[in-house]
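K.L.:
Structure incoming, see below.
Taken together, the values in this text are just the output of simple stated rules run on the coordinates, not laboratory data. All values reported here derive from a predicted model rather than from experimental measurement. Glycine also receives a Cβ, built like all others from the backbone with ideal geometry; neighbour counts cover every protein chain displayed.
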Amino acid sequence: MEIIYTPNEETLQELYDNNEKVVVWGAGTNANIILNKQTNKDMLSVLDCFIDIDEKKWGNYYLGKVINSPEYLINNEEVTCVLIASSFISDIIPILEEYKYSNKVICGSYFVFSTAFEYELLEKHIDEIKSWMYDEKSKNIVDAILSKRKNHIFDYSDICEDDQYFVEDIVPRDKESVFVDVGAYDGDTIEQFIKYQNGKYKAIYAFEMDEDNYKKIQEKDFESKVSVYNYGIWDEKKEIKYESFGMQSRLVKGTKIAKCITMDEILKDKYVSYIKMDIEGAEYRALLGAKDIIKRCKPNLAICIYHKPEDIYDITKMLKEWLPEHKFYIRHHKRVFWDTVLYVIKNE
């Protein structure tokens with residue numbers, strides 16, 4: 001079995017040019033993104049079907065092609081390529097081996113998550129990053145992330161743990177806590193915070209730039225101590241164009257327009273004790289727009305550092321300069337490469 005971990009658009013174009021019989025593993029948004037990467041835009045003509053482990057999808061259609069179970073491969077030796085449109089490569093390869101599939105495998109998820117393989121900057125600064133970490137576990141996680149990036153491994157299950165943003169032995173509870181949720185989605189992290197605090201806190205300020213997600217938060221009818229703003233957090237006040245993909249909003253030249261503001265402006269007279277950020281790669285610039293409040297209040301922070309390959313170094317370095325006395329931890333919270341979080345905690 002030939003596995004191509006880092007394909008390019010020409011790799012897909014060759015499938016079309018050679019009229020290969022292709023099945024796509026994973027009938028979802030990623031598949032749609034991947035299939036639109038090839039230059040000829042006629043990939044569906046060589047696509048035999050989709051494969052998916054979700055039996056509820058079997059027999060249905062996606063992009064005009066039927067969705068089959070993985071067992072479809074057993075009796076179809078003429079399939080020449082399996083294009084994986086899923087992050088769970090390490091789970092799928094053994095299934096292909098079990099079914100004695102021996103032809104080409106293309107990890108199409110590389111087109112969606114190519115930053116997961118970029119390791120040069122992390123390798124260059126790894127000793128410095130590890131020197132900032134408070135515990136050995138964080139240092140070991142940094143080593144593991146570098147190894148996975150270099151070896152094209154999407155499977156992070158060995159370093160994954162639950163309770164994202166509210167790790168019991170890292171994040172302290174405080175009945176006077178003022179929580180800032182940047183990238184609030186539908187209010188799920190607000191609910192987590194209230195539960196973690198046993199309902200005892202002083203205030204919550206939540207920011208969600210996508211109007212549809214903002215409405216979902218409003219529908220949950222949180223108590224008056226929860227203030228929700230239909231803004232993105234940035235390093236300047238401006239309007240930006242973006243695209244929304246349900247849980248994700250990406251800052252691309254999309255069709256939606258969001259208003260952005262700095263945290264320093266909107267919360268300039270407020271005290272905050274805990275800031276969480278998960279905003280699809282905008283964290284660095286959002287933090288720049290929160291510099292004054294961070295240096296003034298010296299809050300605890302939980303910042304996602306996986307969206308861009310440089311985040312794990314650039315964000316950590318910047319916060320270390322601003323909060324040199326805080327304790328720094330890194331934890332990972334998904335079986336795949338996303339949801340690596342930097343925790344910056346007061347040294348009390």
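K.L.:
Once you have the Cα-Cα distance between TYR99 and ILE257, take 0.36 nm times their residue separation minus that, and quote the gain in nm to one decimal.
P.N.:
Contour length minus Cα-Cα distance gives 52.1 nm.
K.L.:
Right, next: How much length, in nm to one decimal, is gained on full extension between SER131 and ILE74, taken as 0.36 nm per residue of separation minus their Cα-Cα distance?
P.N.:
On the way: separation 57, 0.36 × 57 = 20.52 nm, distance 5.06 nm.
Full-extension gain reported as 15.5 nm.
K.L.:
Here's another thing I want to ask about it. With the contact rule set at Cα under 8 Å and sequence spacing of 6 or more, what percent relative contact order holds for the chain?
P.N.:
Values: 658 pairs, mean separation 51.4, N = 348.
The normalised contact order for the chain reaches 15 percent.
K.L.:
Taking H placed 1.01 Å from N in the peptide plane, check which residues at least 5 places from LYS256 or on another chain put their amide H under 5 Å from its amide H.
P.N.:
When sequence neighbours closer than 5 places are left aside, the close amide H contacts are TYR242.
K.L.:
Another question, then. Would you mind checking which residues have amide H under 5 Å from LYS327's amide H? H placed 1.01 Å from N; only 5 or more apart, or other chain.
P.N.:
For LYS327, the qualifying residues are ILE345, LYS346, ASN347.
K.L.:
Quick one: if you stick a label point 7 Å off each Cα along the C-beta vector at ASP91 and ASP292, how many nm between them?
P.N.:
4.7 nm
K.L.:
Taking H placed 1.01 Å from N in the peptide plane, check which residues at least 5 places from ILE106 or on another chain put their amide H under 5 Å from its amide H.
P.N.:
ILE4, VAL82, LEU83, ILE84
K.L.:
Would you mind checking the pairs LYS238/LYS308; LYS259/LYS334; LYS100/LYS139; LYS195/LYS298; LYS148/LYS216; LYS220/LYS270 and listing those with alpha carbons more than 32 angstrom apart? Display every interim value, and only then the final one.
P.N.:
On the way: LYS238/LYS308 22 Å; LYS259/LYS334 30 Å; LYS100/LYS139 39 Å; LYS195/LYS298 24 Å; LYS148/LYS216 36 Å; LYS220/LYS270 24 Å.
Going by Cα-Cα distance, LYS100/LYS139; LYS148/LYS216 fall outside the 32 Å limit.
K.L.:
For the chain, what is the calculated [θ] at 222 nm in deg cm²/dmol (nearest 500), taking -39500 (n - 2.57) for each run of four or more DSSP H residues and dividing by its residue count? Before the final figure, lay out each step's value.
P.N.:
Numbers: 12 runs with 105 residues, N = 348.
Dividing the helical sum by the residues of the chain leaves -8500 deg cm²/dmol.
K.L.:
Taking N as the number of residues in the chain, what is its alpha-carbon radius of gyration divided by 2.2 N^0.38 Å? Provide the component values of the computation, followed by the final result.
P.N.:
On the way: Rg = 22.1 Å, N = 348, 2.2 N^0.38 = 20.3 Å.
Taking N as the residue count of the chain, the ratio is 1.09.
K.L.:
To the nearest 0.05, how large is the calculated FRET efficiency for GLU243 and GLU348 if R₀ is 35 Å and r is the Cβ-Cβ distance? Present the calculation step by step, with values, prior to reporting the outcome.
P.N.:
Values: r = 42 Å, r/R0 = 1.19.
It comes to 0.25.
K.L.:
Using a 7 Å offset from the Cα along the Cα-to-Cβ direction at both ASP54 and SER227, what is the distance between the two label points in nm, to one decimal?
P.N.:
3.9 nm
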